[in-house]
Amino acid sequence: MAHAFAARGANVIVASRKIEACEETAAELRNTYGVDAGAYACNVSDWSQCDDLMDAVHERYGQLDVLVNNAGLSPLYPSLDKVEAALFDKVIGVNLRGPFRLSVLAGTRMAEGRGGSIINITSTQSIKPRPHALPYAAAKAGLNAITEGLAHAFGPEVRVNAILCGPFLTEVSEAWDMEEFEERAQRTMALQRGGRPEEIIGAALYYASDASSFATGAVMRLDGGYV
């Protein structure tokens, strides 16, 4: 995602809990595309860290044009009765509380300035929840609601949209039983395969650009025809 924006000339702040990974990515962006790219450590479930991140962005650039809420977390659990409060709170914190706080902070400043675009990455679990990921599904359903609500809160200066993703073959999928996944994809997905990471880029760039100037509060399905 960061590479896609930098390749088109955008300055980028890469933020996550793992500062080393952020710094590595930021260096790649600077060296490959010649843009200004910074790294910032932020646990998005901590509101004060969200506040600090937004302050750092505005101190560095003076404005923010596009916010992509791409943090996600869905730990495995053996059964629903084994879901502990700490796991539930952590999932809600990363997938819902953090994006809410960052969007409110970014949207407020964008609306006061020259506008902008907020892009939330959500999931098919939010509309087709399954027992193995219910806390995650609930959090992402909340993110869908936030997307529409904030579109009304910050319009017309700021557009807020979401990309509803199906299964993508990323580092997370390395832990999957791929034989079982491929069999299930044949049955439940029109394209009969998982998504490639680069296949989400077009949707994000569309929402970030003027090509989507009449789109806000929208949730775009990008799930290979998952049923």
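Using only Cα atoms and rounding to the nearest 10 degrees, what angle (0 to 90) does helix 19-33 make with the longest principal axis of the chain?
Roughly 60 degrees, rounded to the nearest 10.
Report the residues of region 72-98 in range of a label on residue 48: point 7 Å along Cα→C-beta, backbone N strictly under 17 Å from it.
Within reach of a label on residue 48, which here means backbone N under 17 Å from a point 7 Å along Cα→Cβ, region 72-98 contributes 98.
Can you tell me the length gained on complete extension of the stretch residue 31 to residue 3, counting 0.36 nm per residue apart and subtracting the Cα distance?
Value of the extension gain: 8.9 nm.
So how far apart, in nm, are the two label points at residue 157 and residue 201 if each is 7 Å from Cα heading toward Cβ?
For the pair residue 157/residue 201, the computed spacing is 3.2 nm.
Ranked from highest to lowest mean number of other Cβ atoms within 10 Å per residue, what is the order of the peptides 97-108, 205-216, 179-190?
By packing density, highest mean first, the sequence is 97-108, 205-216, 179-190.
Separation of region 63-127 and region 152-169 by C-alpha centroid, Å?
11 Å
To the nearest 0.05, how large is the calculated FRET efficiency for residue 79 and residue 211 if R₀ is 41 Å and r is the Cβ-Cβ distance?
0.35
Between region 26-47 and region 191-222, what is the C-alpha centre distance in whole Å?
22 Å
Order the peptides 18-27, 61-70 from the highest to the lowest mean number of other Cβ atoms within 10 Å of their residues.
Highest to lowest by the protection proxy: 61-70, 18-27.
Give the angle, between 0 and 90 degrees and rounded to the nearest 10, that separates the Cα long axis of helix 178-188 from the longest principal axis of the Cα atoms of the chain.
In the chain, helix 178-188 runs at an angle near 90 degrees to the longest axis.
Angle between the Cα long axis of helix 98-112 and the longest principal axis of the chain, 0 to 90 degrees, nearest 10?
Roughly 30 degrees, rounded to the nearest 10.
Amide H neighbours of residue 122 under 5 Å, counting only residues 5+ apart in sequence or on other chains, H built in-plane at 1.01 Å?
163, 164, 165
In a solvent-free Debye calculation with one equal scatterer on each Cα, what is log10 I(q)/I(0) for the chain at q = 0.12, 0.14 Å⁻¹, listed in the order of the q values?
Ignoring solvent entirely, the Cα scatterers give -0.67, -0.93.
Values in this text are rule-based calculations from the coordinates and carry no lab data. This one's a predicted model, so the numbers in the text were calculated from it and none came from an experiment. Every residue, glycine as well, gets a Cβ built from its backbone with ideal geometry; the counts of neighbours run over all protein chains shown.
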